[in-house]
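Novice: If you scroll down you'll find the structure; I have some questions about it.
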Amino acid sequence: DLVEPAGYLELNPMPADYGHYWIGHCVVDPQLRGAGLGRHLVRLSLDFAFRGLDARRVSLVVFPDNTSAIRCYRRAGFIDAGDQYKYFANTGRQHRMLQMTVDRGGYLALPVSHGYPAGR
């Protein structure tokens, strides 16, 4: 039997910026959204980045109208870091994206009540 993934997320090094990683393509199966899977994907990737890779910062971009994702990222410790414009060939135009970032101290200081472990 073929098993479909419930979600997907990439954690990549930021080119030419040692210790800085970026999250890309965080996607959760639409039928499973709202159950906390995205939160767990983000939490696990940040745990790996900060505790496993000794990252100093993790960033991402998100469409500003994706309020569910933005809420998830803020709960994970991300803060707004300005706008970024990206050209998408499939739409033939530039789109405004919200850049978000979290540094090591910000992530490790999160209270346990957010569902993320306090600094270990």
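The values are calculated or read from the model by the stated rules, or taken from the named source; none is laboratory data. Since we're looking at a predicted model, the values are computed, not measured. Here the Cβ is made from the backbone with ideal geometry for all residues, glycine too, and neighbour counts use every protein chain on show. Protein only, heavy atoms only, side chains kept; ligands, DNA and RNA dropped before computing areas. Shrake-Rupley method; radii C 1.70, N 1.55, O 1.52, S 1.80 Å.
Novice: Looking only at the stretch 27-62, which residues are part of a strand (DSSP E or B), of a type outside the set (S, T, N, Q) and modelled with pLDDT of 95 or more?
Specialist: Correct list: 57, 58, 60, 61, 62.
Novice: Something else about it: Quick test for you: out of 49, 35, pick the one residue that is more than 16 Å from the chain's Cα centre (by Cα) and under 17 Å from residue 9 (Cβ atoms).
Specialist: Numbers: 49 fails: more than 16 Å from the chain's Cα centre (by Cα).
It is 35.
Novice: Can I ask one more? Taking the stretch 40-71 as the search range and keeping residues that are over 22 Å from residue 17 (Cβ atoms) and of a type in the set (Gly, Ala, Ser), which one is least open to solvent (accessible area, probe 1.4 Å)?
Specialist: The qualifying residue least open to solvent (accessible area, probe 1.4 Å) is 69.
Novice: Within the stretch 72-107, restricting attention to residues that are more than 11 Å from the chain's Cα centre (by Cα) and assigned to a helix (DSSP H, G or I), which residue is surrounded by the most Cβ atoms within 10 Å (Cβ to Cβ)?
Specialist: 107
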